[in-house]
1. Answer rounded, prolate or oblate for region 268-324, using the Cα gyration tensor with square roots of eigenvalues a ≥ b ≥ c: rounded when a/c is under 1.5, else prolate when a/b is larger than b/c, else oblate.
2. At residue 315 and residue 442, where each label point lies 7 Å from the Cα along Cα→Cβ, what is the point-to-point distance in nanometres?
3. Need the full-extension length gain, residue 4 to residue 276, defined as separation in residues times 0.36 nm minus the C-alpha distance. One decimal, nm.
4. In a solvent-free Debye calculation with one equal scatterer on each Cα, what is log10 I(q)/I(0) for the chain at q = 0.06, 0.09 Å⁻¹, listed in the order of the q values?
5. Assuming R0 = 35 Å, can you tell me the calculated FRET efficiency for the pair residue 366 and residue 104, based on Cβ-Cβ distance, to the nearest 0.05?
6. Give the lysines reachable from residue 366 as a straight Cα distance under 29 Å; neighbours fewer than 8 places away on the same chain don't count.
7. For every other residue with a beta carbon closer than 15 angstrom to the beta carbon of residue 200, add +1 if it is Lys or Arg and -1 if Asp or Glu, then tell me the sum.
8. Within region 409-451, find all residues whose amide N lies under 17 Å from a label point positioned 7 Å from the Cα of residue 116 along Cα-to-beta-carbon.
Amino acid sequence: MSYQLINPATGEPMETIEHASIEQADEAIARAKTAQAHWAALAPADRAAILRKFAQVVDADLETLAALEVRNSGHPITQARWEAGHVARVLEYYSAGPERLIGKQIPVAGGIDITFHEPLGVVGIITPWNFPMTIASWGFAPALAAGNAVIVKPAEWTPLTTMRLGELALEAGVPEGVFQVLVGRGSVVGNRFVTHTDVRKVVFTGSTEVGKTIMRGAADQIKRITLELGGKSANIVFADADVDKAAAAAPSAVFENAGQDCCARSRILVEASVYDRFMEGLEKSVKAYKVGDPTDEATEMGPLVTAGHKESVESFLGDVPIAFRGQAPEGPGNWFAPTVLLPKSNDDRCLREEIFGPVVAVVPFKDEAEALELANNTEFGLSGSIWSRDVGRVIRVARGVQSGNLSVNSHSSVRYSTPFGGFKQSGLGRELGPDAPLHFTEEKNVFIPHD
Ligand code: NAD
């Protein structure tokens, strides 16, 4: 089966991509199984050197990778460059992993007791279309560092940069079969990762709905899983914050990548006493947000990924009052102007469901208790921000928000050196941070008697 890619910014057809069959998935898994044994047997320093080389090769290819992401996903060029560079940084960071898979020596009677971190074997990584390169790297870099072979299945709509990373891995000297990219449908290739007994872990990033299917399927083999799922994060602005700064920063926290971001702060909660001032600042910053041609260096936001996805985002507007909108180009391409909604009820769909587009809802609150109640009034718990100058309040609220990744007086969520993942239905397990390679190992305990 083949799949026609469409440039999201122009609506023009691009490459046609062949989708792998279930038999091809089985062949790839068999190749990975054989290759993994050799990879794990390499000296740790040799595996580390290959990962460092992989990082260098990605760096050298940065402009090609970035241009592919602009064409395939509509990401603004400056952001696409950052994403390609991020992959190299993630590889560099985890290239230290092979030489740091350090076990323990535990005091016991009659001998010595030591632990080892053994690789799992073959790891299947299923990625979404919103950040194809970066999300793949969060799985494959620590998995490779821990001595596993990986097969990455990119999303149907956005496979090009992942396919390129597969070529770059070989160029960097990653042995054949250790890093494979298999383009195909989720229900075919992705599901095969779940059902095949030689795939020992599935790393899934995508919708909560499909994540639940993966979790159910994994139960059959007690297969290890990491799930990175949806979000409905809150950006909480207290009256004692730098309100102007919070209003100026709010658009990038939700409209970056056209809102197609699991960490998008798609609910802004504002203390009622500064609501008017905040909205005045927000209107200015939303209207100034630069939406347009993703190849333009000045562009901050590109198009939505497909025409179908644009329809899904539009469906959230319905009869919810619109406070104001930003600008977007006319004509071909999946353009959608940044939109600020004022829902009348806390049960409104735009406050409960992940929109995954450049739409944000603003809700006033009266005090800290209500802010926390509103922030936690969701089945998701991935990200969020707290704006306040009161250190005590920042600590109380940061501990009270049921979410995996919070930023104070800022909106950054993802650093490769810190753990990332969700509470509640936003996911299971953590990616990134110093412990990520351990999540691709089994801990083995060995006792050796003295006599
Ligand atoms: P999706 O669930 O539709 O698809 C994700 C991937 O799963 C794709 O590669 C798809 O082919 C595959 N898939 C689909 N059905 C499958 C099945 N039955 N078995 C195995 N694989 C299957 O998600 P999407 O629309 O591509 O991505 C958007 C979603 O991803 C949003 O909900 C977003 O919040 C989430 N996301 C989460 C994070 C995070 O880190 N928490 C990061 C990015 C995106």
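The values are calculated or read from the model by the stated rules, or taken from the named source; none is laboratory data. If you're wondering where the values come from, they're calculated on a predicted model, not measured in any experiment. Heads up, the Cβs are rebuilt from the backbone with ideal geometry, glycines too, and the neighbour counts pull from every protein chain shown. The area values use the complete protein model at the heavy-atom level, side chains included, leaving out ligands, DNA and RNA. Shrake-Rupley method; radii C 1.70, N 1.55, O 1.52, S 1.80 Å.
1. oblate
2. 4.3
3. Stretched out fully, the residue 4 to residue 276 stretch lengthens by 93.2 nm.
4. Taken in order of the listed q values, log10 I(q)/I(0) reads -0.27, -0.60.
5. After rounding, the FRET efficiency stands at 0.10.
6. Candidates past the 8-residue exclusion: 232, 245, 284, 287, 344, 424.
7. +1
8. Label zone hits: 438, 440-449.
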